[in-house]
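Contents: one structure, followed by commentary.
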């Protein structure tokens with residue numbers, strides 16, 4: 001009937017100890033009031049049947065003891081509680097921080113690094129309808145493409161508008177991270193996350209990545225860093241007089257720096273050498289975030305003293321009726 005019964009005033013339960021005392025007193029008193037009569041023989045009583053009222057002799061007292069017990073329980077204020085554990089991932093704010101430097105046009109990913117990163121990041125966002133998502137892009141400088149929002153249709157349109165060459169070329173990882181942190185620092189979300197994706201080495205910007213990571217750590221923001229690019233060299237498109245040609249370009253990712261940034265903020269560094277690996281990384285980040293979210297417990301308490309009080313009242317009425325009706329002439 002009730003789940004997890006607790007008592008708000010359990011000290012009142014000690015009063016139940018008076019019931020055995022009352023029972024002992026009742027037995028003692030009954031013996032004191034019993035009259036004795038000496039007769040030569042009880043044979044003449046053998047044919048007499050006991051009255052049914054005799055069996056009810058102690059019923060009023062039993063009813064009274066039950067009523068006292070219920071009253072004591074009611075005074076202890078029994079409460080039922082319903083526990084609910086919320087393990088959903090609602091309440092996460094995520095900023096996707098995307099490198100759009102010219103090197104992201106390398107075609108070791110299909111069709112290239114930038115388009116592959118956009119595609120995988122968008123799939124990740126679609127799986128998080130209850131989270132606020134923001135978008136920051138950077139190359140030689142950084143800016144917010146989309147502030148935190150749950151309107152995924154807006155994010156989709158802004159994702160489609162991203163292309164390399166929108167801003168000065170270069171790789172300002174520190175500025176990209178700092179811009180993302182600025183978007184999250186005042187967030188009241190349960191979890192604040194930056195997913196920073198780059199294929200290069202920090203060579204531009206006004207703030208170094210380690211300093212930006214220190215700021216992220218101060219605001220409780222986790223940073224997951226992803227280095228994208230195949231091993232060795234990658235085909236890089238070059239527009240010439242006779243159309244597009246390709247040249248092999250060495251893949252240079254500052255993995256030590258990205259690892260340090262992730263470690264400082266409680267995140268993790270990943271290396272993606274192809275699009276499938278990039279998808280697996282985003283799936284792993286999703287699982288990591290679910291495991292890091294603190295389980296929130298809700299407990300609803302309801303007062304349950306009324307049924308006990310009502311039952312006690314009905315028993316008192318029953319005792320009164322018994323003593324003043326069918327058992328009226330009995331001591």
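Per-structure values
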{"item": "Gain on full stretching of the segment that runs from residue 233 to residue 62 - 0.36 nm per residue minus C-alpha separation", "result": "52.3 nm"}
{"item": "Extension reserve of the residue 18-residue 189 stretch, reckoned as 0.36 nm per residue once the Cα distance is removed", "result": "56.2 nm"}
{"item": "Global form of region 92-156, assessed from the alpha-carbon gyration tensor, a/c cut-off 1.5", "result": "oblate"}
{"item": "For peptides 309-315, 141-147, sequence by mean Cβ density within 10 Å, most packed first", "result": "141-147, 309-315"}
{"item": "Neighbour-count order for 198, 179, fewest beta carbons within 10 angstrom listed first", "result": "179, 198"}
{"item": "Order of 241, 65 - criterion: other Cβ atoms within 10 Å of each residue's Cβ, fewest first", "result": "241, 65"}
{"item": "Volume in Å³ per residue [convex hull over Cα atoms, computed for region 92-294]", "result": "106"}
{"item": "Gain on full stretching of the segment that runs from residue 322 to residue 260 - 0.36 nm per residue minus C-alpha separation", "result": "14.0 nm"}
{"item": "Residues 270, 109, sorted so that the one with the fewest Cβ neighbours within 10 Å comes first", "result": "270, 109"}
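Every number here is computed from the coordinates shown, using simple stated rules; none is lab data. All values derive from a computational prediction rather than experimental measurement. No Cβ is skipped: glycine too gets one built from the backbone with ideal geometry, and neighbour counts run over all protein chains shown.
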